[in-house]
Structures are given as C-alpha cells and as structure tokens.
1. Return the single residue from B:E22, B:E232, B:E277 with maximal mean-square fluctuation; model: Gaussian network over chain B, springs between Cα atoms under 10 Å.
2. Taking other Cβ within 10 Å of each residue's Cβ, how do A:V36, B:V103, B:V5 sort, fewest first?
3. Mind jotting down the distance between the C-alpha centroids of segment B:339-401 and segment A:19-41, whole Å?
4. At q = 0.06 Å⁻¹, what log₁₀ I(q)/I(0) does a Debye calculation on the Cα points of chain B give, no solvent, two decimals?
5. log₁₀ I(q)/I(0) of segment A:1-69 at q = 0.25 Å⁻¹, via Debye over equal Cα point scatterers, no solvent, to two decimals?
6. Just in segment B:152-238: which trypsin sites (Lys or Arg not before Pro) are loop by DSSP and have at most 11 other Cβ atoms within 10 Å?
7. Count charges around B:A62 for me, please; just the other residues with Cβ under 14 Å from its Cβ, Lys/Arg as +1, Asp/Glu as -1.
8. Using alpha-carbon pairs under 8 Å, 6+ residues apart, how would you state the relative contact order of chain B in percent?
Amino acid sequence: MSSASGARPAVRRLVPTDCQVLVDGVEIAARAGETVSATLLAAGGWTAFSCGMGACFACLVRIDGEDGRRACLELTRPGMVVETRPAREPAGGH
Amino acid sequence: MATEVELLIVGAGPAGLAAASEATRAGVPTLLVDAGESTGGQYYARPPGGRWDEGLPASLIAGARAELLDVRLRTPAWGAFGDDVALVTDGRSELVRPGAIIVATGAIERAVPFPGWDRPGVVTPGAVQRLLKVARVVPTGPIVLAGSGPFLFAVAADLRGAGADVRAVVERQGRRELVRLLPALMRHDDRALEALRFGWALRGVDLRFGAGLRSVDDAGLTLSDGSRIAAEVVCAGHGFVPRLELARLLGAAVTPTGVRVGLTLQTSRAGVFAAGEATGIGGAALAAAEGRVAGIAAARFLGRMSPDETARERRLLSARDLHGRFGRALELAYPPHPALGAATPETTICRCEGVTLGDLSRASALPFPLDDPRATKAELRCGMGACQGAMCAEAVSEAVGFDPRSDSRRMARARPPVMPVSVATVAGAYLVSER
C-alpha cells in the first residue's frame, strides 16, 4: 500500500476534497461520500483493488477498528481511521 | 420469528426496480433490498445519498407506488433457510418470510486469469466505471482496456468523456466475427446509436481486434500476437457471469449460465421468481423488461391479480422477447473466453487462498485425483475464501477438466453465508429465529 508514500496518485478527483481521514496513521485529504478505495487511490499509487463492486474482496481494510471491510463499497466519512495493514488474513476454515 | 413480508425482491438494479414498480402497481406491498449504497445496480450506479428514485429513468420505475414500497439499501441477503431469507443491515440481522420472492441479483464481471492479473493497477472495466460514476474519480495514468465484449467500449467511452488517457481498446474477437452483429444492430436502433456514440467518443484511440490479453507487467500489457502496449492501468474485461448463490440457496434450479426460468420468470420452486442478469446475461433493457414480467407474475402468484393475461402483459412479454434477441446476438458475437485464459503454472488462480494453476494441475494428476470442483474446494480451499469462488470457479473447474459453462458439476454446493458476515450477525439471526 502506497498511500501517503509519495507515489503519484492513481486517480484524480472530479469533485474537490472536503475532509480529512487517517490512513495508516497519516492524515490525508478526502471527500466525504466517495468510496474508501477512491480515497486510497487518490492518496497514492495503485493498490489492492480489482473488481470495484464488492465481489472479489481484494480491497479488504480495517475501518475504525473493524476488520474485513471492503474499501470499494465503504463510503469515506470525515475522521475515519483506515488501516491497510495488517494484510487480510485468509477468511474461514481450518 | 421471521418478519412476514408479502413480496421480497433481492437486488435493486434495473430488474429489481422494474419488478418492484410492477408489483406495487398491482397493489403488492414490497420489500426491495440491495447490498449497495444506492438503487440502480451497476448500470445506473450514481453517487450515494439521494432518494431511491432520484436520477433513475422515469420509464424504469413507471407505475411504482412509493407508499407500498420499502427500499432497504446496504442490506445484502446472506442466506436462505427454508422459507426464510436472512438479511443484514449494518450488522443487524433480520429474517424475513416472504410470500413470494424475486431474485434480481445481477451479475459480476467474469474473471479470466493471466500472468499479472493480480497486480495493482489491473482491474475490471466495471471497477473504473464505478470509480467514475459513484466516487467521481478518474485514473491519472495511461489506460488500456482489453478482453472481450461491448462493455470495454462503453467504459472506454465513459473514461474518455471524463478526460482519462485511454490509449487502446483490445477486443479478442476479430472484426469479421463482429460483423455478425450488424443485422441485430439494424433491428435495434437504440443499440446502434450507442455503438456509434462509443465510436465517436473513441476517435483517435488505438482500437485492435482479434488479439487476446497474454500478460501484464510493470511496463504494460503483452497481447497474444506478441505486441506490447504501455499502460499504467489495465482494465481486463471478459463479459459477465450471473450471481446465482441466493437462487441456489432457495432451491431454484440453475445452470452455470443462469437461473432456469419459465415464460413468466418463475423458477423451479413455487413462489420464487428470477429476473435480469441472474437468468442469463442480456443487458439492462432486457433486465428491466424481465423485471416487469416477474413483478406481474409474482403479484398473480400472491392473488393480487386476476389470472387473465392482459394486453399490457402481452406487450411486456414481447418487449422481453425483443431485448432477448439482442442478448442472444451478443452471446453469439462474443463467445466466452476459455476460462483459464492465458494462465501459466505460476499464475494464481484462486486469489483468496493463493492457489496456482500448477497446484491444481499437480492435484488433478494424483493417483486419487481432484477431478471435481467439490474435491478441489475441500483439498485446496479454492472457493473457501472471502469471495466464495466468485473469482475462480470457472477457472478451477476448467483446470480439473470440466467445461465450466455447461457442466453444472462445476458448481460446488452453495452454502450460507454467501458473503462474509460476522459470527455476531449469524447469532443474531439465530436468536431472531428462536424468539
């Protein structure tokens, strides 16, 4: 994950930012109501993100302490705390 | 106790919305649920937060009676238990017992593996389209869309319209094969206009036909003819596959290409109807037409309509036929890509569990081979991850020797939950059911 890593943003916004969120401990600008994936991609380079519609689970992150949230479906809220690490663990089983 | 509802519609895309409009028009109180943040499904995806009917085409929801319609968003159906369907809204479970149900669960993009398909920046066309439509962001780097199907051109046109740097669109089918679509386009002027609009939006873009996607690396993509195109973003799209989990849990007969339905979209189980992409891929117009028919059929099943077919119904059925014919023309023009794509032994097939094509080949060469998708699931965990096989089911079955598009044995058994839900959620549903 390269948010706040200085990588060129993977996406640019058509609507300006209006709030701040905390991604892996770094304050970054965001827009309330965009998806968390959009926030992450606008903050850094391309990251784990594949189907963009909740089917592939590649984009799992921890949001406000809750694991296993799909960044592509969750909407960004002011002050949200997003952790892209620890990496997702295999779900279920054994 | 489960909450009794007269009609439950799962999926608020074109099919579900049209079905809800028709059912409420007939006087049926209807609960319409969707996992997403807004109605409209993928086709009419738009920024969240508006009213349920805001920004939708008037024709799609014509006749809807809002006072009979309960629209619940962020509410996936994660299981079916006998007559009950388990819903969850923001972590809170609810069991509902519908008098009739319409499955309008839509489709997802077909995942076809190739070396590099799991790299950052390799996404589906639908993923960037949703970034644009819902989140209002556009990729900054050069984009190539590759694979097969008209959706590549639709998304490329949208991206270009938003100022993205679309370098190329690469279609696996040759121009000669696609000429077969011309007669169908001539009969469907709306689709012909759409094709012209894509062509206009993509003027100046490198359009290639008859070349497949072989691999993606740091610099860009390599095509099956050996040529390379530089790109930062690769949108790999190979058509769509229906979402069948809920229909299967409800006990409706399915084939890999869709829920089996009769003329009025009833499934093999009484009181269970299906509409839209879940019954076979055909596009939003067909989905809406099917939704209308299913809404009427469900209303009649519930005793809210007389058994006599009306002239209006005959018109709706013929609309369904018309759109269905275009769907079949598309199916013929764009046959599905081989499920294993250009995967090599090192290519990860099951991304959730990190299983490569080599792992699958070795397992199916054992003295007691894993020659069945259920065995691969048990032994290699393919399909046990968070996506529950949504991304790899076709490729896994082809790797162990089944034709994934015709042989329903490819399908490991559907089990609840069809999506990850917390133990607390499941326990909540259990407590509700015991009360």
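1. B:E232
2. Ordered from fewest to most neighbouring Cβ atoms within 10 Å, A:V36, B:V103, B:V5 come out as B:V5, A:V36, B:V103.
3. Each part reduced to its Cα centre gives a spacing of 36 Å.
4. -0.25
5. -1.30
6. Details: sites: B:R160, B:R167, B:R172, B:R175, B:R176, B:R180, B:R187, B:R191, B:R197, B:R203, B:R208, B:R214, B:R228; in loops: B:R172, B:R203.
For trypsin sites (Lys or Arg not before Pro) across segment B:152-238 that sit outside H, G, I, E and B with at most 11 neighbouring Cβ atoms in 10 Å, the list reads B:R203.
7. Neighbourhood net charge equals +3.
8. Working: 946 pairs, mean separation 83.4, N = 435.
Over chain B, the number comes to 19 percent.
No value in this document is a laboratory result; all are computed from the given coordinates. Bear in mind that the values here come from a model prediction, so they are computed numbers and not experimental data. Every residue, glycine among them, receives a Cβ derived from its backbone with ideal geometry; neighbour counts consider all protein chains shown.
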